[in-house]
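Asker: Shown below is the structure under consideration.
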Amino acid sequence: SPGVMVALDGRIGNMVFNRLNKPGDGDIIVHHRGTSVIGTTSWVVSDPDEVRAPKEHVDLLLRRGAEMAPIVSRMRVKAVYVSSRPLIAQGARTGREVSRSFAVIDHSSEGVSNFFSVIGGKFITARLMAEKVGDVVCEHAGVSVPSRTTELPLVPYWHFYG
């Protein structure tokens, strides 16, 4: 299920703007560094490697964003991006029908030992997903050490651009 997001050239707030309704297209604005990101759309495709940001999705996000914060209509679009979410479901007609949960898969039942995958989830659940993968791998390896993921701070992005 791909989704489009629009990044505006400027930060318009310090807290998330979110519609209090069932999840839908253009229902959130997240402020990140010097931008405000409007998101997201969702649809189902047969090939997740071949996705483009449809113009009508961009227009919809800008219109819905301006409904939440009128200043959006006067701002420059800094970037438009699209990516495919590796969601786990079958038979969904729309991307909104698919759960954003995740699963850890042990591939030993397929004849591949010591190989694990994590599928599904979202950017905001990445840390929890990593913790659960670590737990499964430790259990498989016979290691009983509690996860410290929630205690350790993440390295800031600028550390990698020094």
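Asker: Once you wrap a convex hull around the alpha carbon atoms of segment 15-149, what is its projected area averaged over all directions, in nm²? Don't jump to the answer; show the numbers that get you there.
Answerer: Numbers: hull surface 44.6 nm².
Across all orientations, segment 15-149 yields a mean hull projection of 11.2 nm².
Asker: Which of 124, 38, 88 moves the most in a Gaussian network model of the chain with Cα springs under 10 Å?
Answerer: 124
Asker: Then there is this: At q = 0.13, 0.18, 0.27 Å⁻¹, what is the base-10 log of I(q)/I(0) for segment 27-72 according to the Debye formula with one equal point scatterer per Cα and no solvent? Please give it to two decimals.
Answerer: -0.35, -0.62, -1.01
Asker: With the chain treated as a Gaussian network of Cα nodes joined by springs under 10 Å, which of 36, 84, 73 yields the largest mean-square fluctuation?
Answerer: 73
Asker: Find me the longest stretch of the chain that has none of the exposed trypsin sites (Lys or Arg not before Pro), where exposed means in a DSSP loop (not H, G, I, E or B) with at most 13 other Cβ atoms within 10 Å.
Answerer: Answer from the scan: 94-147.
Asker: Are there GluC sites (Glu not before Pro) in segment 21-72 that DSSP puts in a loop and that have at most 13 other Cβ atoms within 10 Å, and which ones? Walk me through the numbers on the way to the answer.
Answerer: On the way: sites: 50, 56, 67; in loops: 50.
Passing sites in segment 21-72 are 50.
Asker: Which lysines, on any chain, are close to residue 132 with Cα under 28 Å apart, when same-chain ones fewer than 8 places away are left out?
Answerer: 22, 122
Asker: Along the charge dipole of the chain, Cβ charges K/R +1 and D/E -1, which of 156, 60, 40 sits furthest on the positive end?
Answerer: It is 60.
Asker: To continue, here is another question. Could you tell me what a quarter of the Cα convex hull surface of segment 1-54 works out to, in nm² with one decimal place? Display every interim value, and only then the final one.
Answerer: On the way: hull surface 17.7 nm².
Seen from a random direction, the Cα hull of segment 1-54 projects 4.4 nm² on average.
Asker: Still on this model: Where nothing but the Cβ of Lys and Arg (+1) and of Asp and Glu (-1) is charged, how large is the charge dipole of the chain around its Cα centre, in debye to the nearest 20? Each step should come with its number before you reach the end.
Answerer: Details: 19 positive and 16 negative charges, 168 e Å.
Computed about the Cα centre, the dipole is about 800 debye.
Asker: Just the number, please: carbon plus sulfur as a percent of the accessible area of the chain, 1.4 Å probe, no ligands or DNA/RNA counted.
Answerer: Values: 6270 of 10920 Å².
Carbon plus sulfur share of accessible area: 57 percent.
Asker: Write down the accessible area per residue of the chain in Å², having rolled a 1.4 Å probe over the full set of protein chains. All intermediate terms of the calculation are to be shown ahead of the outcome.
Answerer: On the way: 10920 Å² over 162 residues.
So the chain comes to 67 Å² accessible per residue, rounded to a whole number.
The values are calculated or read from the model by the stated rules, or taken from the named source; none is laboratory data. These numbers were taken from a predicted model, which means no experiment stands behind them. No Cβ is skipped: glycine too gets one built from the backbone with ideal geometry, and neighbour counts run over all protein chains shown. We work out accessible area using only protein heavy atoms, side chains counted, and drop any ligands, DNA or RNA first. Shrake-Rupley method; radii C 1.70, N 1.55, O 1.52, S 1.80 Å.
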